[in-house]
Amino acid sequence: DWNDDAAAINNRIRALSPQPAAYTSFNGNRFKIFKCRLINQDATGVAAQITKITAAGFAVQTGKGVLEILEVQREGKKRIASRDFIKGFDLAPGDILS
């Protein structure tokens, strides 16, 4: 739930990695999140919105704070770094995850 605060989501992702893994989706495509890091605990904005594309992956606004997503896996694909994921999956700042 992207409405939770960033620290709680970060801890949930770490707890569920690698099995069963945390999930999210974008445009009907579901993917697992294996690794992330907290980059801002105090930022507020639209929860689940991609705030920026970074060198390591992409940043997502939570209910309170921002997480940088570092490692993901699309359904039926292999686990990869987020920087490689965004090359083949058209994510941009302003997009909303579900």
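The values are calculated or read from the model by the stated rules, or taken from the named source; none is laboratory data. Note that the structure is a prediction, hence the values are computed from the model and not measured. Here the Cβ is made from the backbone with ideal geometry for all residues, glycine too, and neighbour counts use every protein chain on show. Keep in mind that these areas ignore ligands, DNA and RNA; they rest on the heavy atoms of the full protein, side chains included. Shrake-Rupley method; radii C 1.70, N 1.55, O 1.52, S 1.80 Å.
Numbers at a glance
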{"read-out": "Counted residues, the stretch 23-50 - those being out of contact with any Pro (no Cβ under 8 Å at 6 or more places or on another chain), open to solvent by less than 30 Å² (accessible area, probe 1.4 Å) and not hydroxyl-bearing (Ser, Thr, Tyr)", "value": "7"}
{"read-out": "Tally, over the stretch 63-90, of residues that are closer than 22 Å to Asp4 by Cα and either loosely packed, with under 14 Cβ neighbours inside 10 Å or among the hydrophobic types (A, V, I, L, M, F, W, C) (or both)", "value": "5"}
{"read-out": "Condition met for Arg30 (free of Cβ contacts under 8 Å to residues at least 40 places away in the same chain, under 21 Å from Asn3 (Cβ atoms), in a strand (DSSP E or B) and of a type in the set (D, E, K, R))", "value": "no"}
{"read-out": "Any hit, the stretch 6-19, residues being among the charged types (D, E, K, R) and assigned to a loop (DSSP other than H, G, I, E, B)", "value": "no"}
{"read-out": "Filter pass, Ile53 being without any contact (Cβ under 8 Å) to a residue 60 or more places away in the chain and buried (at least 18 other Cβ atoms within 10 Å of the Cβ)", "value": "no"}
{"read-out": "Count - residues of the stretch 54-90 that are within 11 Å of the chain's Cα centre (by Cα) and hydrophobic (A, V, I, L, M, F, W, C)", "value": "8"}
{"read-out": "Restricting the stretch 1-22 to residues that are within 15 Å of Arg74 (Cα to Cα) and either in contact with a Pro (Cβ under 6 Å, 6 or more places away or on another chain) or at pLDDT below 95 (or both), the residue that is most open to solvent (accessible area, probe 1.4 Å)", "value": "Gln19"}
